[in-house]
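Accompanying notes for the structure given below.
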Amino acid sequence: MRPISALKIGDIELKSRLIVGTGKYASFAQMRLALEASGAQMVTVAVRRVNLDRTRESLLDAIDPKKYILLPNTAGCYTKEEAVRAARLGWAAGLSNLVKLEVIGDEKTLMPDTMALLEATRELVKEGFIVMPYTTDDPIMAKKLEEAGAACVMPLAAPIGSGQGILNRLNIELILEKVKVPVIVDAGVGTASDAAIAMELGADGVLMNTAIAAAKDPVKMAEAMKQAVIAGRLAYEAGRMEKKKYANASSPVTGLVGMGIE
């Protein structure tokens, strides 16, 4: 299969443009199979949901650090202070200075508190973190996060875990025009076609968890997502044909001889 170009986030280079989460699986065994099928090189780990001191079985025991780059995230944090503290704990526990930064503003919608997110980004960048902020699909906020030093921006496609796909393609396109750092579509993807659409729009990557973990067959869905991201990126790099209002014959009739057509 033709390889797609690599994704660079800070000083990290990823051959796979699919990043996957590690929550909501029926078992660690199922999670391991799904991660393998996804082809992902980077996987997210919720700092607040793992046993960092390793005194009992932990999610970290089920992930091979030689195969995957761990991306600690601050899921479940509702204030800047909580998110910054979770990021520091993850780094201190030996995960990494990478952080998928989440500051949730509402329990029902799980929409980001973008002002707190921006403040936390500034603070963590100063401390040496590679910050990957989960944000709304607002082009202005995406630019502010880039200016604050974010290594990428991660706009939602739809509310977390909703599976609704990309609800506002225009905003994703505007973000892609607005910022120079990688744009990774995060949250709301439901099936392979959603991932392909995100990549065809020009997104640099896609992050997902529920779409795979909540599928009837998570391992098959992980494989489907892998192929969708590859196909979508290849289509974007190839450049789609121009859309036209009227039909255009695949086999031109001009130049045909012997059929009364010249």
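Key figures
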{"read-out": "Projected label distance in nm at Arg88 and Lys8, using a 7 Å step from Cα toward the beta-carbon", "value": "3.2 nm"}
{"read-out": "About the Cα centre, charge dipole magnitude for the range 105-246 (Lys/Arg +1, Asp/Glu -1 at Cβ), debye", "value": "560 debye"}
{"read-out": "Test item: Cα-centred dipole of the chain, Lys/Arg +1 and Asp/Glu -1 on Cβ, debye", "value": "400 debye"}
{"read-out": "Dipole magnitude (debye, nearest 20) for the range 1-134, charges at Cβ of Lys, Arg, Asp, Glu", "value": "420 debye"}
{"read-out": "Extension gain (nm, one decimal) between Lys245 and Leu170, 0.36 nm per residue minus Cα-Cα", "value": "24.9 nm"}
{"read-out": "Residue-by-residue Karplus 3J(HN,Hα) for the range 196-207, coefficients 6.51, -1.76, 1.60, Hz, glycine and proline x", "value": "4, 4, 4, 5, 5, 5, x, 4, 7, x, 9, 10"}
{"read-out": "The chain: calculated mean residue ellipticity at 222 nm from DSSP helix runs of at least 4, using -39500 (n - 2.57)", "value": "-10500 deg cm²/dmol"}
{"read-out": "Beta bridges by DSSP in the chain, antiparallel share as percent, to the nearest 5", "value": "15 percent"}
{"read-out": "Cα-based helix-to-principal-axis angle, 114-126 vs the chain, degrees rounded to 10", "value": "70 degrees"}
{"read-out": "Cut-off 13 Å between beta-carbons: net charge of the residues surrounding Tyr134, Lys and Arg +1, Asp and Glu -1", "value": "-4"}
{"read-out": "Length released on extending from Glu107 to Glu147, taking residue separation times 0.36 nm less the Cα-Cα span", "value": "11.6 nm"}
{"read-out": "Carbon + sulfur, % of accessible area of the chain - ligands and nucleic acids excluded, 1.4 Å", "value": "52 percent"}
{"read-out": "Proximal lysines relative to Lys180, as straight alpha-carbon distance under 16 Å, when same-chain residues fewer than 8 apart are discounted", "value": "Lys8, Lys143, Lys144"}
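The values are calculated or read from the model by the stated rules, or taken from the named source; none is laboratory data. Every value quoted in this text rests on a predicted model; they were computed, and no experiment measured them. A quick note on method: Cβ atoms are made from the backbone with ideal geometry, for glycine too, and the neighbour counts reach across all protein chains shown. For accessibility, only protein heavy atoms count, side chains too; no ligands or nucleic acids. Shrake-Rupley method; radii C 1.70, N 1.55, O 1.52, S 1.80 Å.
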